[in-house]
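Report on the structure given below.
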Amino acid sequence: MNEKTEKLIDKKGIRGDGRKVDELRPLKLQVGVLPNADGSAYIEHGKNKILAAAYGPREMHPKHLAQADRMVLRARYHMAPFSVQERKSPAPSRREVELSKVIKESLEPALFLELYPRTGVDVFIEVLQADGGTRCASITAAALAIADAGVPMRDLVVACAAGKVEDQVVLDLYDAEDKLGSADVPVAYMPNLNAITLLQMDGILAPAEFEKAVSMAMDGCKKIYEIQKEALKTKYMVVKETDKEIEE
Ligand code: UDP
């Protein structure tokens, strides 16, 4: 064990940022934050700060990308140049192209694609500040933005990672754990349908550790799901109160 990894979990099982091994980072979710988009959401997941904006279902542009029998979902994940410590080029990197694909594929199972032929839904994700696990936080926010746009969904999609740090399986890795830990397992999940829509693994885990990581990540997803639903309800509660004031 080198000096760097020694600090990640102390003898009492407390991690570098003060959390227990099965604890999530603090979360904040808000919908309807961008009035110009059909639907939008903002997430703070630990130190990650991410905006998601959704449009559609609408006519596909360019038209040749339209599918005669289904809706097309497009996702664009982008990191702002100031979102990481070392300035990131604003041009799309290979990583961003991959994450855009992964995010799109993790959201698709929640949509009734076949009910909206020839249309498209676009979701744009802007990472304003990154601290590990941005793909997961992006999925959670993007699903919420799509729901906020009024697109019918089978369930919300919520995502969270688990991984291995200093021989322990831990929930929701932050940047230092992501970089210095030995494995990272991002999971996207539809809690109501009990269906996993994304499962990746970076690093090496024994089969038992892998199972523990997946189940820990699913438990984390269930907790985030409650916050996600609450964020959607809050928007409509605020509208209701405004309506009441108008009535009075
Ligand atoms: N990161 C960075 N510069 C980059 C890309 C990523 O500093 O150009 C950091 C960022 O904090 C990110 C973390 O590395 O959250 C882990 O990136 P990874 O590719 O594992 O995806 P993520 O965990 O964010 O889904």
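What follows is calculated from the coordinates using simple rules that are stated; it is not laboratory data. Computed from a predicted model, the values in this text were never measured in an experiment. Quick reminder, even Gly has a Cβ in these numbers, built from the backbone with ideal geometry, and neighbours come from all protein chains shown.
Couple of notes before you dig in:
- Magnitude of the charge dipole, the stretch 1-117, Cβ model with Lys/Arg +1 and Asp/Glu -1, debye to 20: 420 debye
- Exposure proxy order (Cβ contacts within 10 Å, fewest to most) of L73, L34: L34, L73
- Ranking L171, V121, A217 by Cα position along the charge dipole of the chain, where only Lys, Arg, Asp and Glu carry charges on their C-beta atoms, puts V121 farthest toward the positive end.
- Paramagnetic label zone (point 7 Å from Cα along Cα-to-C-beta, N192; backbone N under 16 Å) in the stretch 146-182: 146-159
- Note on the stretch 56-107: semi-axes of the ellipsoid equivalent to its C-alpha gyration tensor, largest first and rounded to whole Å, are 28, 12, 9.
- Extension gain (nm, one decimal) between A66 and K101, 0.36 nm per residue minus Cα-Cα: 10.8 nm
- In terms of its C-alpha gyration tensor, the stretch 1-129 comes out prolate, because a/c is 1.5 or above and the ratio a/b outweighs b/c.
- Taking label positions 7 Å along the Cα-Cβ direction at both T234 and D167, the computed distance is 4.1 nm, reported to one decimal.
- Simple label model, 7 Å out from Cα along Cβ direction - F112 to K20, nm: 4.2 nm
- Taking the square roots of five times each eigenvalue of the Cα gyration tensor of the chain, the equivalent ellipsoid has semi-axes of 32, 21, 18 Å, listed largest first.
- Rounded to the nearest 20 debye, dipole of the chain from Cβ charges on Lys, Arg, Asp, Glu: 380 debye
- Modelled spin labels at K12 and S93, positioned 7 Å past Cα toward Cβ, are 3.6 nm from each other.
- Comparing Y42, Y189, Y225 in a Gaussian network model of the chain (Cα springs below 10 Å), the most mobile by mean-square fluctuation is Y225.
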